[in-house]
Amino acid sequence: MSDFEAKELFKIIGKNIKYYRKLYNIKKGKLTQAELAEKINVSTALIGNLESKHIEQGISVYTLWKISQILEVPIEKFFDDSDFLTRKLDN
């Protein structure tokens with residue numbers, strides 16, 4: 001995997017984490033970056049970096065799995081680059 005491919009993959013994963021966290025907010029109630037971070041025992045900065053369009057942030061499979069458990073989303077959804085994910089969700 002080239003550096004370009006890795007960067008694109010991290011962007012896709014981060015975009016999906018943000019999307020599914022906001023979808024969780026709509027369906028189940030507010031879950032901030034800080035609350036998600038606390039539940040999976042990582043820093044708030046990690047979640048913020050993952051969700052940012054401007055910061056490249058890698059993530060371990062284990063951490064991604066923990067996020068998937070909290071957000072109740074199958075882990076493979078975080079790798080999906082479908083157009084439906086470009087919709088904006090309001091808080």
Some residue of segment 46-61 being part of a helix (DSSP H, G or I), over 12 Å from the mean Cα position of the chain (by Cα) and either within 17 Å of Lys22 (Cα to Cα) or modelled with pLDDT under 95 (or both): no
Looking only at segment 62-89, and only at residues there that are part of a helix (DSSP H, G or I) and at pLDDT below 90, the one that is surrounded by the most Cβ atoms within 10 Å (Cβ to Cβ): Leu85
Among all residue pairs at least 6 apart or on different chains, which show Cβ distances below 6 Å where the first residue, located in segment 41-54, is acidic (Asp, Glu) and the second is modelled with pLDDT of 95 or more and exposed (fewer than 14 other Cβ atoms within 10 Å of the Cβ)? none
Just one of the numbered conditions (1) exposed (fewer than 15 other Cβ atoms within 10 Å of the Cβ); (2) free of Cβ contacts under 8 Å to residues at least 24 places away in the same chain is not true of Gly58; which one? (2)
Within segment 1-32, the count of residues that are over 8 Å from the mean Cα position of the chain (by Cα) and in a helix (DSSP H, G or I) comes to 17
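The values are calculated or read from the model by the stated rules, or taken from the named source; none is laboratory data. The structure presented is a predicted model; accordingly, all values stated were derived computationally and were not measured. We place every Cβ from the backbone using ideal geometry, glycine too, and count neighbours over all the protein chains shown.
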